[in-house]
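Below is one structure, written out as structure tokens, with a few remarks after it.
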């Protein structure tokens, strides 16, 4: 074997999940990287912000409806602050352990079992997110049922009820002609332009929602919003905790921190990139929760896009509805590949821990990609609603990936760099994550049995 090939194979075998940080290698090790000088600050901000602002934004008005306006907005802000703290922990402890992946960091602290458990958590979380994205896309294009009412999709409004406007056919066409090209990229920086566009589309959604709300405030057609939760019995109290998994899911981005960091032109910028992204996304989230709940009140759906299919009470209501739904549907289509990127990496690392990186094995890249895409497609056709998906993934895998693992790494402190503040914040994150998840799961079980009693099943 030529000396260059031997050198490349030794390097690849030393990094089973992700390629080494590009700053630690020479160009001869990765000839395919020649001409790539590293991703920029703005490109990294857009990629990380796109990772954060996904389907979770659509459930935030319903979250504020559950908690009330004041507690809802406060909790959105607090979860953003905790998210920044947990990502900062990941970065600092990764630098200390010289880990180039989240799984590598956890493996350094807890060994192979911890590494595999984290990878499994990321796989479950990301699959759940992508299923939610496809559900929302299906709702927008083909319509959905909510509380006994059918909300028409765009294709059904424009073309009527045809076989090609059914949910499964539209999702299949989207998977083949939109997702397939986008998930074929092997470097996360290749998605920087689609990420920038997706963030812009999310901002457009917020601006339109705010504009409609302000117009209705001026003409006096909006009622005063409920400022506090409506607690009438034990069930209504327990339902407050079901909002926590949704909020954690809305901010989850930890699985893409290392892929973005590894491709940076200047790795010292990563902390500023995280802070900028969290501030940007928190602002979008607070605005969405505020104006979405103010606009629709107690009629706010679990997926607020479902509210944009009727008369908004202002001129050009139908046109505005279509623009909102189209823009956010396109946003989710552009978010999909960046979440899929880390999903593929972590599933490959879980199944083939000692193989060369998947980017250098075209056959494995294709097989893993096809398997995951098929599974997500099937999930989107059988999971009933985004709230159900959020509750399952958010109360289990998401809180683990976002809070429990970073806190556990800090408490383990194998390199002796944890501060007193790190330990305090870590315990707060673990207690909040575990307690809220238990309560959310208990609330879901309680609601399930109550609904069964009411229906007589």
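Within segment 334-357, is even one residue out of contact with any strand residue (DSSP E or B) (no Cβ under 8 Å at 6 or more places or on another chain), more than 27 Å from residue 106 (Cα to Cα) and in contact (Cβ under 8 Å) with a residue 60 or more places away in the chain? Yes, because at least one residue in segment 334-357 is out of contact with any strand residue (DSSP E or B) (no Cβ under 8 Å at 6 or more places or on another chain), more than 27 Å from residue 106 (Cα to Cα) and in contact (Cβ under 8 Å) with a residue 60 or more places away in the chain. For segment 224-238, indicate whether the set of residues that are surrounded by 15 or more Cβ atoms within 10 Å (Cβ to Cβ), in contact (Cβ under 8 Å) with a residue 60 or more places away in the chain and in a helix (DSSP H, G or I) is non-empty. Looking through segment 224-238, at least one residue is surrounded by 15 or more Cβ atoms within 10 Å (Cβ to Cβ), in contact (Cβ under 8 Å) with a residue 60 or more places away in the chain and in a helix (DSSP H, G or I). Name the residues in segment 350-363 that are surrounded by fewer than 18 Cβ atoms within 10 Å (Cβ to Cβ) and either assigned to a helix (DSSP H, G or I) or under 20 Å from the mean Cα position of the chain (by Cα) (or both), would you? Hits for segment 350-363 are 351, 360, 362, 363. Evaluating residue 34 against the criteria (1) surrounded by 14 or more Cβ atoms within 10 Å (Cβ to Cβ); (2) out of contact with any helix residue (DSSP H, G or I) (no Cβ under 7 Å at 6 or more places or on another chain); (3) modelled with pLDDT under 65 leaves one unmet condition, (1). Does residue 272 fit the bill of being in a helix (DSSP H, G or I) and over 18 Å from residue 216 (Cβ atoms)? Yes: the conditions hold for residue 272. Taking the numbered list (1) modelled with pLDDT of 85 or more; (2) part of a helix (DSSP H, G or I); (3) surrounded by fewer than 18 Cβ atoms within 10 Å (Cβ to Cβ) in turn, residue 158 passes all entries but (1). The residues on offer are 249, 243, 209, and the sole one that is surrounded by 23 or more Cβ atoms within 10 Å (Cβ to Cβ), touching a residue at least 24 places away in the same chain (Cβ under 8 Å), part of a helix (DSSP H, G or I) and over 19 Å from the mean Cα position of the chain (by Cα) is 209.
Filtered by the rule that a residue be in a helix (DSSP H, G or I) and within 21 Å of the chain's Cα centre (by Cα), segment 92-104 gives 102, 103.
The values are calculated or read from the model by the stated rules, or taken from the named source; none is laboratory data. The shown structure was predicted, so the numbers you read here are calculated from the model rather than taken from an experiment. Quick reminder, even Gly has a Cβ in these numbers, built from the backbone with ideal geometry, and neighbours come from all protein chains shown.
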